[in-house]
Every structure is written in structure tokens, then in C-alpha cells.
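No lab work stands behind these numbers, since they all come straight from the coordinates. The model shown is predicted, which means the values in this text are computed figures rather than measured ones. Virtual Cβ from ideal backbone geometry, glycine too; neighbours counted across all protein chains shown.
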Amino acid sequence: MEENRIGMAEESAFSQYIVVKIGNEQYGINIKYIDNIVRMQKITRVPKTQVYYRGVINLRGEVIPVMSLRLKLALESDQFDNKTRIIIVKMDNATIGIIVDEVREVVSLDEDSIEMVVYNPADERTNYISGIGKNNGELISLLDMNAVLSEKENA
């Protein structure tokens, strides 16, 4: 019984992230927010929405808004191919799809593998990064999903 408690304590020190590729960069999304990963499908455009909202999809009878992470991060427009995926994220009773170039892998990072990011007020994109994960010699920008999905726009 004691071994189980120790094993559980060690396990809780790790966080799992899905590593996605956007352009040449790798980003991590905490797996606790991920509901589903689906192939790219037809997106119905919705007029008068933010530029980064591509529209909505119908996923098993549920209408889900879809957002371009590239456009939200002020990168070039999406290039869709056979690796493009929509990650369905659920947070605070809200569901949204996020378009990514590629889903790479799931990694477990402990607290020692994550460096905090220094916020730069001149670059609003640093708001979206909660830390930098180090995994097998590679760096992964860890997304703060609350900030990414926030509607607040800097003028």
C-alpha cells in the first residue's frame, strides 16, 4: 500500500502535454484540456468574427467554433495538408477547435524540465506561453490555454 502512495505522488509531479507543430515551432498543450483530435474537415465561415476564428464545424451533432492558432499567434495564414488537425479543447464548459499543422507526440514533463517565461509587454504573444519545456534536447513552448482562448485583444 505504501508503494502505491509513493508512486502516485511521483506521478502527480509530472504533467502531460500534447506536442503540436505550428510552422517550424513546437508547442505543448496540457492534455487535461484535450477532448479529441480530428482530421481537418470543412469549416463553415461565420461572418463578423475575429480574424483568427475560421468558422464552425459539426462534430457528431455538436457545433464547435474553430480557431487558427497560427493567426492567434500573429503568424502567417494556415496551410492545410494531410497532417493538419483540429484539436478539440474543453475548458470551463466551453468547447473550441484549434487548428494545428501537425500533432507530434505526448510527452511527460516534470517541474525541473519546465522553465518559466519572462513576460514582455511589447510582445502580446508572450502572454500565451506559460513556460518552456525541455524534452530530449528539444524545446517546447507550453501554451497557456486560458490566455489563448481569451477574447481580450490588445489595441
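The amide H of Asp144, built 1.01 Å from its N in the peptide plane, has Ile129, Ser130 as neighbours under 5 Å, considering only residues 5 or more places off or on other chains. The 3J(HN,Hα) values that the Karplus relation (6.51, -1.76, 1.60; θ = phi - 60°) gives for the stretch 98-113 are, in residue order, 10, 7, 10, 5, 6, 9, 8, 6, 10, 10, 9, 10, 8, 4, 6, 8 Hz. Gly and Pro appear as x.
Shape analysis of the stretch 30-93 places it in the rounded category; the axes a ≥ b ≥ c from the Cα gyration tensor give an a/c below 1.5.
Provide the packing ranking of 135-148, 40-53, 76-89, 94-107, i.e. peptides ordered by the mean count of other C-beta atoms within 10 Å per residue, highest first. Walk me through the numbers before you get to the answer.
On the way: 135-148: 16.2, 40-53: 11.9, 76-89: 14.4, 94-107: 18.0.
Highest mean packing first, the order is 94-107, 135-148, 76-89, 40-53.
The amide H of Arg104, built 1.01 Å from its N in the peptide plane, has Val19, Val20, Lys21 as neighbours under 5 Å, considering only residues 5 or more places off or on other chains. Karplus-based coupling profile of the stretch 67-81, in residue order and whole Hz: 10, 8, 5, 4, 5, 5, 8, 6, 9, 5, 4, 4, 10, 7, 8, with θ = phi - 60° in 6.51 cos²θ - 1.76 cosθ + 1.60 and x standing for Gly or Pro. Relative to the current alpha-carbon distance between Asn58 and Thr95, full extension at 0.36 nm per residue lengthens the span by 12.1 nm. Each label point was placed 7 Å from the Cα along the Cα-to-Cβ direction; for Ser150 and Ser77 their separation is 2.8 nm. Amide H contacts for Leu59 (H built 1.01 Å from N in the peptide plane; partners 5 or more residues away or on another chain; cut-off under 5 Å): Ile64.
Across the stretch 57-62, coupling constants 3J(HN,Hα) worked out from phi with the 6.51/-1.76/1.60 Karplus curve, θ = phi - 60°, read 10, 9, 10, 6, x, 9 Hz, and Gly and Pro carry x.
I'd like the FRET efficiency for Ile132 and Gln41, computed as 1/(1 + (r/R0)^6) with the beta carbon distance as r and R0 of 30 Å, rounded to 0.05. Spell out each step's value before the answer.
Details: r = 32 Å, r/R0 = 1.07.
Using R0 = 30 Å, I get an efficiency of 0.40.
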